[in-house]
There are 2 protein chains.
Amino acid sequence: MRKVTFGGANSLDNYIARKDGSYDWITWSKELNPIMKKYWKNIDTVVMGRKTYEVTAKGSTDVGVGPIKTYVCSRTLKKAPNKHVEVVADAVKLVKRLKSEPGKEICIMGGGLLAKSLFEAGLIDEIGFNVHPVLLGSGIPLFHKMKKQINLELLECRQFKNGCVMLTYRVT
Amino acid sequence: MRKVTFGGANSLDNYIARKDGSYDWITWSKELNPIMKKYWKNIDTVVMGRKTYEVTAKGSTDVGVGPIKTYVCSRTLKKAPNKHVEVVADAVKLVKRLKSEPGKEICIMGGGLLAKSLFEAGLIDEIGFNVHPVLLGSGIPLFHKMKKQINLELLECRQFKNGCVMLTYRVT
């Protein structure tokens, strides 16, 4: 079975973005370069929600272009915005199918609501977050309320010079 | 000015307790003993909300007894439950006054709502949390929505054998 990982950057008070979707508070660290390079080497599929897609597409015209297959989960988007992206209505069904197919690892990007449905369906294997040293006070939550408790096993904890802490867990 | 710290244990999804106030998911680690011993040496005052007081008092009959002065912030409690505890209605006014008085450090215990008002009033100097490897899915939040952003500086990050990570920050 292919490994499904959910990750990104978050604030200490559990937000992935400000209310308007902005992420000016996220800082990049050179120390992340080798970690992310290694991570992306193992990924051949990205699954994201519609809102994450829209924010990502704003910043880059080549979302979905290249060797990584991109799925956008949406019940409102009628067709793919470009030929490199596939729109899918049912995220749980999609990820179940992808996991059973041959391939490399699958990255769940952004979307706390997308992750919530995948957590509840038991489809996420690992999570990794770069916890930023800030309390945003409000915004778009990373972890939403869920019907069940998810137990984790800490795999790694890395402290960066910019005050971020990267926490990686296996879902048990 | 006396240092005010807010700390405790939390789940990765920002809860300090289950909906019913229970904290069976919190694990103690021997590695915490010297850290907490050193921490409590510098504290002579504890400020908590009414709900935290009720949970704490259930587990121990000597809350407020001993060399540490305990304040319970409540608008509904009419009088102190015992002579060792003082009931105060306005937490912000109390902590402002305490900070200006001579003494050791002040510990804000439990109470995400209590902490929210103190954060907004700029009265918290340091925070420290022992992040547990679990997504509870629901419960009583640690960090509540706030009117303003609080910037932090990472002071320390310690990984324990039980999978907990202790994060300590200075409010900047």
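Quick note: the coordinates plus some simple rules give every number you see, no bench work behind them. Predicted model only: the values in this text are computed from it and were never measured. Here the Cβ positions follow ideal geometry from the backbone for every residue, glycine too, while neighbour counts run over all protein chains shown.
What distance in nm separates the simple spin-label points at residue B:39 and residue A:76, each placed 7 Å from Cα in the Cβ direction?
If labels sit at residue B:39 and residue A:76, their model points lie 4.3 nm apart.
Report, in whole Å, the centroid distance computed from the Cα atoms of region A:95-172 and region A:1-52.
So the two Cα centres are separated by 9 Å.
What average number of partner chain Cβ atoms lie no more than 10 Å from the Cβ of the residues making up A:159-165?
That works out to 4 on average.
Mind checking the dipole of chain A: about its Cα centre, +1 per Lys or Arg Cβ, -1 per Asp or Glu Cβ, Debye to the nearest 20?
420 debye
How high is the FRET efficiency from residue B:3 to residue B:138, r the C-beta distance, R0 45 Å, rounded to 0.05?
0.85
Of B:7, B:141, B:107, which is farthest along the charge dipole of chain B in the positive direction, counting Lys and Arg as +1 and Asp and Glu as -1 at C-beta?
After comparing all options, I get B:107.
Based on the Cβ-Cβ distance of residue B:151 and residue A:101, what FRET efficiency does E = 1/(1 + (r/R0)^6) give at R0 = 45 Å, to the nearest 0.05?
0.50
May I ask what percent, to the nearest 5, of DSSP beta bridges between residues of the protein assembly as shown are antiparallel?
Rounded to the nearest five, the antiparallel share is 40 percent.
Distance in nm between label sites at residue B:120 and residue B:93, each 7 Å beyond Cα in the beta-carbon direction?
Inter-label distance under the simple model: 1.7 nm.
Say the dipole of region B:4-171 comes from +1 at the beta carbon of Lys and Arg and -1 at that of Asp and Glu; which of B:128, B:43, B:163 then lies farthest toward its positive end?
B:43
Identify all aspartates and glutamates with a Cα-Cα distance to residue B:83 below 16 Å; exclude those on the same chain that are fewer than 8 residues away in sequence.
Of all the aspartates and glutamates, those that pass the test against residue B:83 - Cα under 16 Å, at least 8 places apart if same chain - are B:54, B:62.
Past 22 Å, Cα to Cα: identify those pairs from A:161/B:41; A:30/B:116; B:19/B:96; B:93/B:148; A:38/A:104, in the order given.
Those over the limit are A:161/B:41; A:30/B:116; B:19/B:96.
Which peptide among B:132-144, B:23-35, A:88-100, A:6-18 comes first, and what is the full order, when sorted by highest mean count of other Cβ atoms within 10 Å?
Put in order of decreasing packing, that is A:6-18, B:132-144, A:88-100, B:23-35.
Within 10 Å of each Cβ in peptide A:122-128, how many partner chain Cβ atoms are there on average? Round it to a whole number, please.
Neighbouring Cβ atoms belonging to other protein chains average 0 per residue here.
Assign unit charges at the C-beta atoms only (+1 for Lys and Arg, -1 for Asp and Glu), then state the dipole size of the protein assembly as shown relative to its Cα centre in Debye, rounded to the nearest 20.
520 debye
First obtain the Kirkwood hydrodynamic radius of chain B from its Cα pairs, then insert it into the Stokes-Einstein equation at 10 °C and 1.306 mPa s, and state the resulting D in µm² per second as a whole number. Numbers along the way, then the final one.
Values: Rh = 16.6 Å.
Here the translational diffusion coefficient equals 95 µm²/s.
So what are the radius of gyration and Dmax for the Cα set of the protein assembly as shown, in Å?
22.1, 73
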